[in-house]
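Working notes, beginning with the structure itself.
The values are calculated or read from the model by the stated rules, or taken from the named source; none is laboratory data. Quick caveat, the model's predicted, so the values are computed rather than measured. Neighbour counts are summed over all protein chains in view; Cβ atoms, including those assigned to glycine, are modelled from backbone coordinates with ideal geometry. When the accessible area is computed, the model is the full protein with side chains, heavy atoms only, and any ligands, DNA or RNA have been set aside. Shrake-Rupley method; radii C 1.70, N 1.55, O 1.52, S 1.80 Å.
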Amino acid sequence: MPTLRHQLSSPVSAQSLALFRIAFGALMLWDCWRFIKYERVWRYWIQPDFHFSYPGFSWVEPLPQPWLQIAWLGVGLAAALVMLGLFYRVAIIALTVLFGYFFLLDAAEYLNHFYLVLLYAALLCCLPAARVWSLDAWLRPRDPHVPAAAVAILRIQTEIVLIYAGLVKLTPDWLRGEPLGLWLRDRVEGFWIAPLLEPDWVMVAAAWGVIALHVVGAPLLMWHRTRLAVFLIYCVFHCANAWFFNIGIFPWLTIAATTIFFAPDWPSALFGRAAPTSPPAAPLLPRAALLAMAVWITVQIFLPVRGALFDSETRWSGDGHRFSWRMRIYDREAEGVFIVTDHRSGQFWEVDPEEFLSRRQAGTMLTRADLIHQFANHLARIWRERGHEVAVYAEICKSLNGRPCQYYIAPGTDLTQVRINLFGADPWVLPLEEPAWGAADNRRLYGGT
């Protein structure tokens, strides 16, 4: 019986990997164009005077104009070269580095699909995805096969994302149909479909169906008898997501990634063409490559569940939220001000965050404790430069999934004197007062009936 190393080293058609490369590059090119068309590069990274940083990456800063726009054009150029398969290895590394730079520029702009793009791009840096259907292969023909490991790692990565996208929805709110009901009813108001979504049982059924699709459906993609049916259901699901929600390329990227579960030569089989026969033998993958795969998979499995180690509720506190595939499961709204107080004179200033941040940044910051902490210390630096010795307090009222709003930060907490705990709950973040969601809580932030 062949060992796992032999199985992962066995040659398979490079077609499905090449098709994913083409789709990935095309989607990235399209997203680059969308950012330019809707001036998002300006709004996200140029217009704001302050940017939130990830732990350990405060040194990453925006380039001056026009170099930041040129860097974004570099993302588009690299994506086009990846799609075409021209200078592929250089292009995919450039795409990964440049997009990673923009990802790190502002933690307030974190999106799960940005993170997913980075993961796929990093994997593609190590995979021979330009063996076929590329200009590189046309200019210098190569063996049209890749090790089975190249396909396997993409399948495993996609499985992890899909399964966690279902597991993280096993929360009391989601199982009751919220906040899915809040979102869908708001988005279909005035459309013919609106009456169909009014009954609560419809929202509950939809919420449970989403969980089943991910937790049960994703593993069924590995079985050839159920693969096509589940893939088609996923296509309908992602198309519906694209229609209901503004989530960029995520639905289309996930559909493209899901095609990797089909046989490596499925494009030829689809069009009735014979795929090239496999060579009689292939060299074994280096043990270092197998070790790297094992480390990658281990990190991807355990990183999303780190929030379970904290004595807090992730959906409220935000502990362990990023990099955990908690996609479209919270409706968090907040309003608040910061109070800057001079120790010596007793003078104080009430600060509206939008005086220093973009509206988008401010809306995100007020719902995330680590960003609140960063902004408070940013205000302290500004006032210290003006000659004041200050404390900074936050008065923030936050709502989760339609509950009445409650204070988020403990009153009297000088945010310049506390730290963010990367490996535990922050004691200055107040707990959620109403963990159970019911009809009496079905009110929007700051009012409503």
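Taking the stretch 388-403 as the search range and keeping residues that are over 25 Å from D331 (Cα atoms) and either assigned to a loop (DSSP other than H, G, I, E, B) or small (G, A, S) (or both), which one is most open to solvent (accessible area, probe 1.4 Å)?
E389
Go through the stretch 393-435 and give me each residue that's under 19 Å from D311 (Cβ atoms), modelled with pLDDT under 95 and small (G, A, S).
Across the stretch 393-435, the qualifying residues are G424, A425.
Report yes if L73 is more than 22 Å from I372 (Cβ to Cβ), assigned to a helix (DSSP H, G or I), modelled with pLDDT of 95 or more and open to solvent by 30 Å² or more (accessible area, probe 1.4 Å), otherwise no. Walk me through it before giving the result.
On the way: more than 22 Å from I372 (Cβ to Cβ): yes; assigned to a helix (DSSP H, G or I): yes; modelled with pLDDT of 95 or more: yes; open to solvent by 30 Å² or more (accessible area, probe 1.4 Å): yes.
Yes.
Being closer than 25 Å to R359 by Cα, of a type in the set (A, V, I, L, M, F, W, C) and touching a Pro at 6+ places or on another chain (Cβ under 8 Å) narrows it down to one of W33, W45, so name that one. If you could, list the steps in order and put the result at the bottom.
Numbers: W33 fails: touching a Pro at 6+ places or on another chain (Cβ under 8 Å).
On inspection, the qualifying residue turns out to be W45.
Restricting to the stretch 282-322, and then to whatever is over 30 Å from Q7 (Cα atoms) and either modelled with pLDDT of 95 or more or small (G, A, S) (or both), can you tell me which residue is farthest from the chain's Cα centre (by Cα)?
Among them, the one singled out is S312.
What pairs come up if the first residue lies in the stretch 145-159 and is open to solvent by less than 10 Å² (accessible area, probe 1.4 Å), the second is of a type in the set (F, W, Y), and their beta carbons are under 7 Å apart, counting only those six or more places apart or on different chains?
Here the result reads L154/F20, each pair linking the stretch 145-159 to a residue that is of a type in the set (F, W, Y).
Just a yes or no: is a residue in the stretch 114-130 over 30 Å from L68 (Cα atoms) and of a type in the set (G, A, S)? Can you show your working first?
First pass over the stretch 114-130, keeping only residues over 30 Å from L68 (Cα atoms): 128.
Retained after the next criterion (residues that are of a type in the set (G, A, S)): none.
No, every residue in the stretch 114-130 fails to be over 30 Å from L68 (Cα atoms) and of a type in the set (G, A, S).
What is the number of the single condition among (1) without any contact (Cβ under 8 Å) to a residue 24 or more places away in the chain; (2) of a type outside the set (V, I, T); (3) over 23 Å from L400 (Cβ atoms) that P219 does not meet?
So P219 meets the others, but not (1).
Mind counting the residues in the stretch 169-204 that are touching a Pro at 6+ places or on another chain (Cβ under 9 Å) and open to solvent by 90 Å² or more (accessible area, probe 1.4 Å)?
Of the residues in that region, 0 qualify.
Might you check whether a residue that is touching a residue at least 24 places away in the same chain (Cβ under 8 Å), open to solvent by less than 20 Å² (accessible area, probe 1.4 Å) and over 20 Å from L111 (Cβ atoms) occurs anywhere in the stretch 19-38?
From the stretch 19-38, those touching a residue at least 24 places away in the same chain (Cβ under 8 Å) are 19-36; that's our starting set.
Adding the requirement that they be open to solvent by less than 20 Å² (accessible area, probe 1.4 Å) leaves 20-21, 24-25, 28, 31-32, 35.
Cutting the leftovers down to over 20 Å from L111 (Cβ atoms) gives us 20-21.
Checking the stretch 19-38: at least one residue is touching a residue at least 24 places away in the same chain (Cβ under 8 Å), open to solvent by less than 20 Å² (accessible area, probe 1.4 Å) and over 20 Å from L111 (Cβ atoms).
For the stretch 255-281, name all the residues that are modelled with pLDDT under 95, open to solvent by less than 40 Å² (accessible area, probe 1.4 Å) and in contact with a strand residue (DSSP E or B) (Cβ under 8 Å, 6 or more places away or on another chain).
S268, A275
Considering the stretch 282-315 alone, what residues qualify as being within 19 Å of V151 (Cβ to Cβ) and not in a helix (DSSP H, G or I)?
Result: A282, P283, L284, L285, P286.
Of (1) within 24 Å of R315 (Cα to Cα); (2) assigned to a helix (DSSP H, G or I); (3) open to solvent by 60 Å² or more (accessible area, probe 1.4 Å), Q361 satisfies all except one. Which?
Single failed check for Q361: (3).
Could you give every pair whose Cβ atoms fall below 6 Å, whose first residue belongs to the stretch 327-344 and is assigned to a strand (DSSP E or B), and whose second residue is aromatic (F, W, Y) and buried (at least 17 other Cβ atoms within 10 Å of the Cβ), counting only separations of at least 6 or pairs across chains?
I339/Y393; V340/W383
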